[in-house]
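This report concerns only the one structure given below.
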Amino acid sequence: MIERIYNFSAGPAILPEQVLQKAQSELLSFEGTGMSIMEVSHRSSYFEKVLEGAENGLREILNVPGNYKVLFLQGGATLQFSMVPMNFLGDGRSADYVVTGAWGEKAVKEAGRYGTANTIYSSAESGFRSIPSRDELSFSSDAEYVHYTSNETIDGVEFRYDLEAGGMPVVCDASSNILSKPIDVEKYALIYAGAQKNIGPSGVTVVIIRDDLLERAATDLPPLLDYRKIAENRSMLNTPNTWGIYLIGLVCEWLKSQGGLEVMAEKNETKAKLLYDAIDTSDGFYTSHAEREARSLMNVTFRLPTEELEKEFCLEATSLGMDGLKGHRSVGGIRASIYNAFPKEGVERLIEFMKDFAERNG
Ligand code: PMP
């Protein structure tokens, strides 16, 4: 029997076992073709069906209205940091950026290359531990859009509400919490997410864009950076990541079989609560990085009394079959990423280990 471990990695991250098994069962011959999906032409009717399945799967699960396009791109979420301003900014135009972590900071920096990027909120000075309340934000009247990061993967802070900006287009980097709970897509003009956390493997980025924003996109860009051209060609301007799109379709089927996003949200709440409770009841041995109201349900970040203990914690956890717990190099500490596919039993196992570790080292 193959032993699977508890993989707490932030991304690429754990995928549902059923998805991997299904992909394995079809690997040598996809639907009787005698070829794997990776070997089938992207212009074939087989792949056409796969693409449609992935798109419709996302539409159904996220309840995407008809006036939005669902696109599959490459270049990761990082390319979206550039593509968004390339398409919607330019000389004399500006956008608002809400910065609650390391990724938002990268996004605003990149936007500044194509226009004026106003940081209208930043929690950098206090170490990216908080999320603004609705009334803490006020938007520039002439901004083309407002950009925010719904979950900051490195810092472990998450918005618990869909940001609204009084009619200004809202652009959201949802890389690390998309599909973890229902969202109201209608409140957004553009949502993007690298797939490698909750949607599928790395190498494919999902973009959900509203038609009226698409119409305002720049027209002088290289085709692969031009949302309109990509949409017109149904993400097939060139060879797409066929394997990634296939897996996205399988993840959507899995999500449906689990009962959809409401069920996911409940499970994610339960898992995160167990872990935060363990931190809060450790008599200060473990300390949460994020302020209570800002705590991410996807990436639980915490510290131990010393860096030496953090190192030892990770080493021991790995030897017990729990990997990927080392915090991002920029913030240190521990980060437990507990996306949709991460089982509750794994969280319970970690908590058991945390208690034992604290007893031995507290
Ligand atoms: N935004 C967020 C919130 C992320 O978590 C990441 C990756 N961890 C990125 C952007 C960058 O994504 P990619 O590596 O796909 O370019």
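Descriptive notes on the structure:
- Extension reserve of the I2-D277 stretch, reckoned as 0.36 nm per residue once the Cα distance is removed: 95.8 nm
- A Förster distance of 41 Å, applied to the separation of the beta-carbon atoms of D356 and S126, puts the FRET efficiency at 0.80.
- Two numbers describe the Cα atoms of the stretch 226-337: Rg and Dmax, which are 19.4, 57 Å.
- Paramagnetic label zone (point 7 Å from Cα along Cα-to-C-beta, Q21; backbone N under 13 Å) in the stretch 310-330: none
- Whole-Hz couplings from phi, Karplus 6.51/-1.76/1.60, listed for the stretch 250-261; x for Gly and Pro: 5, 5, 4, 4, 4, 4, 5, 5, 7, x, x, 6
- Over the stretch 1-105, Cα pairs under 8 Å with separation of 6+ residues give a relative contact order of 7 percent.
- Among 238-248, 255-265, 187-197, 212-222, the order from most to least packed when residues are scored by Cβ within 10 Å on average: 187-197, 238-248, 255-265, 212-222
- Considering only alpha-carbon pairs that sit under 8 angstrom and 6 or more positions apart, the relative contact order computed for the stretch 18-258 is 25 percent.
- Charged-residue dipole, Cβ positions (Lys, Arg, Asp, Glu), the chain about Cα centre, Debye nearest 20: 480
- Chain lengthening between T270 and S36 when straightened (0.36 nm per residue, less Cα-Cα): 80.5 nm
- Zero-based 10 Å bins, Cα pair distances in the stretch 1-156, whole percents: 9, 25, 29, 22, 13, 3, 0
- Here the Debye sum runs over all C-alpha atoms of the chain as equal scatterers in vacuum, and log10 of I(q)/I(0) at q = 0.10 Å⁻¹ comes out as -0.63.
- The portion of the accessible surface of the chain made up by carbon and sulfur, rounded to a whole percent, is 48 (1.4 Å probe; DNA, RNA and ligands excluded).
- Under-5 Å amide H pairs with N299, H placed in peptide plane, nonlocal only: I338
- Exposure check, 1.4 Å probe, all protein chains in place: S319 carries approximately 90 Å² of accessible surface.
- Residues of the chain: accessible area per residue with a 1.4 Å probe, Å²: 44
- Rounded to the nearest 500, the 222 nm mean residue ellipticity of the chain from helices alone is -11500 deg cm²/dmol, with -39,500 (n - 2.57) taken per DSSP H run of at least 4 residues.
- The residue list L309, S296, A278 was ranked by how far each Cα lies along the charge dipole of the stretch 219-320 toward its positive end, using unit charges on Cβ atoms, and S296 comes out on top.
- In sequence order, calculated HN-Hα J values of the stretch 312-328 (Karplus, 6.51, -1.76, 1.60; Hz; x Gly/Pro): 5, 4, 5, 4, 5, 4, 4, 5, 9, x, 10, 10, x, 8, 5, x, 4
- Each of the peptides 223-236, 161-174 was scored by the mean count of other Cβ atoms within 10 Å over its residues; in descending order, highest first, they stand as 161-174, 223-236.
- Here the Karplus curve 6.51 cos²θ - 1.76 cosθ + 1.60, taken at θ = phi - 60°, turns the phi angles of the stretch 276-283 into couplings of 5, 4, 5, 5, 5, 9, 9, 6 Hz, with x standing for Gly and Pro.
- Fraction of antiparallel bridges per DSSP, the chain only, in percent to nearest 5: 55
The values are calculated or read from the model by the stated rules, or taken from the named source; none is laboratory data. A quick note: this is a predicted structure, and the numbers were derived from the prediction, not measured. Cβ sites come from the backbone with ideal geometry, for glycine too, and all protein chains shown count toward neighbours. We work out accessible area using only protein heavy atoms, side chains counted, and drop any ligands, DNA or RNA first. Shrake-Rupley method; radii C 1.70, N 1.55, O 1.52, S 1.80 Å.
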